[in-house]
Amino acid sequence: MFERITALWTADAPKPLAEMDAKHALGALLVRVAKADGTYRASEIAMIDKLLALRFDINVVEAAKLRAECEALEKAMPETEAVEEVLRSVTSLQDRQAFLGDLREVILADGSEDSREHEIYVDMRDRLDTSE
């Protein structure tokens with residue numbers, strides 16, 4: 001019984017950054033860029049779900065669940081740079097280039113590009129070294 005009670009507090013705990021995989025790293029980054037302008041619109045959420053489903057070949061329910069996990073991770077993630085190391089270490093150049101395209105899609109999902117969103121995009125483009 002005690003185990004079931006403690007599971008209530010630990011079930012939704014975000015992954016430690018050291019254990020973050022590419023799915024969660026990308027998802028957290030997409031959530032971060034969507035929230036960068038101070039809003040988190042339904043159009044951005046729908047775009048994130050669509051991109052996660054396409055990128056990782058999962059259905060829409062699994063994508064929404066993954067996004068929810070990524071939202072919790074994004075809150076716990078101290079700096080955007082934390083995902084850069086994960087993405088560089090476990091993904092190919094081609095995947096990193098595709099991730100930047102995903103970022104652009106989320107940035108434009110609400111119909112406008114905010115300077116804070118653009119700043120994250122440029123920072124990640126430079127850090128992911130996609131020009132090789």
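Bear in mind these aren't lab numbers, they're just calculated from the coordinates by the rules spelled out. From a predicted model like this one, the values you see are computed outputs, not experimental measurements. When we count neighbours, we look across all protein chains shown, and the Cβ atoms used for this are built from the backbone with ideal geometry, even at glycine.
With neighbours defined as other Cβ atoms within 10 Å of a residue's Cβ, the residues V60, V106 order from fewest to most as V60, V106. Here the residues F99, F56, ranked from fewest to most Cβ neighbours within 10 Å of their Cβ, fall in the order F56, F99. The label point for L93 and the one for R116, both projected 7 Å from the Cα toward the Cβ, are 3.5 nm apart. Once the Cβ-Cβ distance of K75 and D129 is raised to the sixth power relative to R0 = 25 Å, the FRET efficiency obtained is 0.35.
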